[in-house]
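Colleague: Starting off with a structure, shown below.
The values are calculated or read from the model by the stated rules, or taken from the named source; none is laboratory data. Values in this document were obtained by computation on a predicted structure and should not be read as measured data. Using ideal geometry, Cβ is built from the backbone for each residue, glycine included, and neighbour counts are taken over all protein chains shown. Quick note on the areas: whole protein, heavy atoms, side chains included, nothing else; ligands and nucleic acids left out. Shrake-Rupley method; radii C 1.70, N 1.55, O 1.52, S 1.80 Å.
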Amino acid sequence: MSAMRDYSGPRYKHSSDDPAPYDTITVDKLTPIIGAEIGGIDLAQPLGNQTFEEIHRALAENQVIFFRDQHITDEQHLEFGRKFGKLHIHPAAPHEPGHPELMIIHADKDSPRANGEFWHSDVSCDVEPPMGSILYIRTCPPRGGDTLFASMYAAYEALSDRMKRYVEGLTAIHDGEDQYRGTYANFGIADKPNYPRAEHPVVRTHPVTGRKALYVNRGFTRRIVGVPPDESSAILNFLWNHAENPLFQCRFRWQKNSIAFWDNRCAQHRAMWDYWPHTRSGHRVTVQGDRPV
Ligand code: SIN
């Protein structure tokens with residue numbers, strides 16, 4: 001009789017060397033797989049080249065990095081984002097007047113919805129989806145409002161060799177229509193005739209680390225190209241469920257004036273709206289990315 005369970009070790013065997021030391025910042029990992037809190041830095045001060053390089057490396061090594069107790073202006077927030085690339089303008093979400101790159105993240109007791117309550121990689125429906133997003137939360141509920149992040153490197157690496165071979169070379173359609181149409185009406189935003197739609201590889205290679213990451217998400221991915229609809233649906237459901245395994249995740253507990261900077265090329269996230277009737281509010285600056293390959 002075959003064994004009912006496989007006791008051959010953890011679902012994902014992750015091992016990584018200790019990173020090279022940092023000279024200008026501290027980097028405290030939340031889990032061995034994803035997330036790190038950055039210390040010893042005041043983002044209101046000009047960023048030296050070495051510090052910038054170290055933040056960039058910390059993001060590459062951890063997929064999402066967090067900063068506590070930062071007091072920055074809108075302009076400093078935008079400037080920090082610009083250091084990493086051209087800023088992205090969201091195709092649907094509200095922004096501060098005169099600052100299309102400063103997206104408003106806000107939910108209170110009267111909100112019909114809150115941002116990001118589903119696993120996703122930001123705006124993956126764009127032909128060139130954002131490289132990273134920098135969320136600065138100024139108003140926090142007394143408890144709750146955490147954001148969960150999941151490593152898509154880990155999700156890819158934990159697939160069986162057979163499944164890796166199956167998904168290799170596949171592409172999928174990502175569509176903004178369902179996520180964006182009518183979604184921001186409470187902010188007085190009228191719908192556009194069309195929302196972005198793009199075809200991306202199911203597995204992408206990160207342009208900085210060279211690592212492979214699973215690139216399908218429940219929020220935007222609609223179907224796998226070139227296979228029958230029932231097969232596409234079964235495979236996508238498997239991949240979404242797999243990608244959402246808590247083993248690949250970290251959970252960030254916000255405090256007032258915290259910042260999270262995540263890499264959309266190798267991480268997904270999901271925000272928790274468990275704090276009603278309280279308010280959670282801040283801004284997101286999003287950095288443009290390249291076409292996934
Ligand atoms: C988002 O998807 O950008 C929102 C994340 C959050 O509010 O934590």
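Colleague: Residues that are under 20 Å from residue 164 (Cβ atoms), part of a strand (DSSP E or B) and polar (S, T, N, Q): does the range 217-232 have at least one?
Modeller: yes
Colleague: What are the residue pairs meeting all of these: first residue in the range 84-109, first residue within 17 Å of residue 137 (Cβ to Cβ) and of a type in the set (A, V, I, L, M, F, W, C), second residue away from the ligand (no atom under 15 Å from the Cβ) and outside any loop (DSSP other than H, G, I, E, B), Cβ atoms under 9 Å, and 6 or more apart or on different chains?
Modeller: 102/74; 102/78; 102/96; 103/96; 104/96
Colleague: Test residue 183 against the criterion of being part of a loop (DSSP other than H, G, I, E, B) and in contact (Cβ under 8 Å) with a residue 60 or more places away in the chain, and give yes or no. Working first, answer last.
Modeller: Numbers: part of a loop (DSSP other than H, G, I, E, B): yes; in contact (Cβ under 8 Å) with a residue 60 or more places away in the chain: yes.
So residue 183 fits the description; yes.
Colleague: Let me ask something else. What tally of residues in the range 117-136 results from selecting those that are within 15 Å of residue 284 (Cβ to Cβ), β-branched (Val, Ile, Thr) and surrounded by fewer than 23 Cβ atoms within 10 Å (Cβ to Cβ)?
Modeller: Residues meeting the conditions: 1.
Colleague: Quick check on my filter: what residues within the range 125-154 are in a loop (DSSP other than H, G, I, E, B) and under 10 Å from the mean Cα position of the chain (by Cα)?
Modeller: Once the filter is applied, which keeps residues that are in a loop (DSSP other than H, G, I, E, B) and under 10 Å from the mean Cα position of the chain (by Cα), the range 125-154 yields 130, 131.
Colleague: Among the residues of the range 47-93, count how many are of a type in the set (Val, Ile, Thr), part of a loop (DSSP other than H, G, I, E, B) and within 18 Å of the chain's Cα centre (by Cα). Steps first, answer last, please.
Modeller: Of the range 47-93, the ones of a type in the set (Val, Ile, Thr) are 51, 55, 64-65, 72-73, 89.
Those still in the list that are part of a loop (DSSP other than H, G, I, E, B) too: 72-73, 89.
Filter again for within 18 Å of the chain's Cα centre (by Cα), leaving 89.
The number of residues fulfilling the criteria is 1.
Colleague: Let me ask another. Starting from the range 226-255, keep only residues that are within 16 Å of the ligand (Cβ to nearest atom) and open to solvent by 60 Å² or more (accessible area, probe 1.4 Å), then list their pairs with residues that are at pLDDT 95 or above and of a type outside the set (A, V, I, L, M, F, W, C) whose Cβ atoms are within a distance under 8 Å, requiring at least 6 positions of separation or different chains.
Modeller: 251/146; 251/147; 253/146; 255/68; 255/69
Colleague: While we're on this one: So in the range 192-208, with the set limited to residues that are in a loop (DSSP other than H, G, I, E, B) and open to solvent by less than 50 Å² (accessible area, probe 1.4 Å), which one is nearest to residue 62 (Cα to Cα)?
Modeller: Restricting attention to the range 192-208, the residues satisfying the condition of being in a loop (DSSP other than H, G, I, E, B) are 192-196, 202, 206-208.
Pick out the ones that are also open to solvent by less than 50 Å² (accessible area, probe 1.4 Å) and you get 195-196, 202, 206.
Values: 195: 31, 196: 29, 202: 21, 206: 13 Å.
By that ranking, first place goes to 206.
Residues checked against (1) at pLDDT below 95; (2) within 16 Å of the ligand (Cβ to nearest atom):
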| site | (1), (2) |
| --- | --- |
| 132 | no, yes |
| 147 | no, yes |
| 157 | no, no |
| 178 | yes, yes |
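Colleague: Next up: Exactly one condition in (1) more than 23 Å from the chain's Cα centre (by Cα); (2) open to solvent by less than 80 Å² (accessible area, probe 1.4 Å); (3) at negative phi is not met by residue 39; state its number.
Modeller: Against the list (1) more than 23 Å from the chain's Cα centre (by Cα); (2) open to solvent by less than 80 Å² (accessible area, probe 1.4 Å); (3) at negative phi, residue 39 comes up short only on (1).
To keep it simple, each residue is scored yes or no on (1) away from the ligand (no atom under 11 Å from the Cβ); (2) among the hydroxyl-bearing types (Ser, Thr, Tyr); (3) under 28 Å from residue 83 (Cα atoms).
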| residue | (1), (2), (3) |
| --- | --- |
| 105 | no, no, yes |
| 123 | no, no, yes |
| 160 | yes, yes, no |
| 168 | yes, no, no |
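Colleague: Surrounded by 20 or more Cβ atoms within 10 Å (Cβ to Cβ), in contact with a helix residue (DSSP H, G or I) (Cβ under 6 Å, 6 or more places away or on another chain) and hydroxyl-bearing (Ser, Thr, Tyr) - does that describe any residue in the range 139-151?
Modeller: yes
Colleague: Here's something else I'd like to know. Output yes when any residue across the range 25-40 is out of contact with any strand residue (DSSP E or B) (no Cβ under 7 Å at 6 or more places or on another chain) and over 18 Å from residue 250 (Cβ atoms), and no when none is.
Modeller: No, there is no match, as no residue in the range 25-40 is out of contact with any strand residue (DSSP E or B) (no Cβ under 7 Å at 6 or more places or on another chain) and over 18 Å from residue 250 (Cβ atoms).
Colleague: Would you pick out the residues in the range 48-69 that are farther than 30 Å from residue 244 by Cα, surrounded by fewer than 17 Cβ atoms within 10 Å (Cβ to Cβ) and of a type outside the set (Phe, Trp, Tyr)?
Modeller: 48, 49, 50, 53
Colleague: Take residue 73 and tell me if it is of a type outside the set (D, E, K, R), within 27 Å of residue 100 (Cα to Cα) and surrounded by fewer than 18 Cβ atoms within 10 Å (Cβ to Cβ). Steps first, please.
Modeller: On the way: of a type outside the set (D, E, K, R): yes; within 27 Å of residue 100 (Cα to Cα): yes; surrounded by fewer than 18 Cβ atoms within 10 Å (Cβ to Cβ): yes.
Yes, satisfied.
Colleague: Collect the residues in the range 256-293 that are assigned to a loop (DSSP other than H, G, I, E, B), open to solvent by 20 Å² or more (accessible area, probe 1.4 Å) and within 10 Å of the ligand (Cβ to nearest atom), keeping them in residue-number order.
Modeller: Residues satisfying the conditions are 272, 273.
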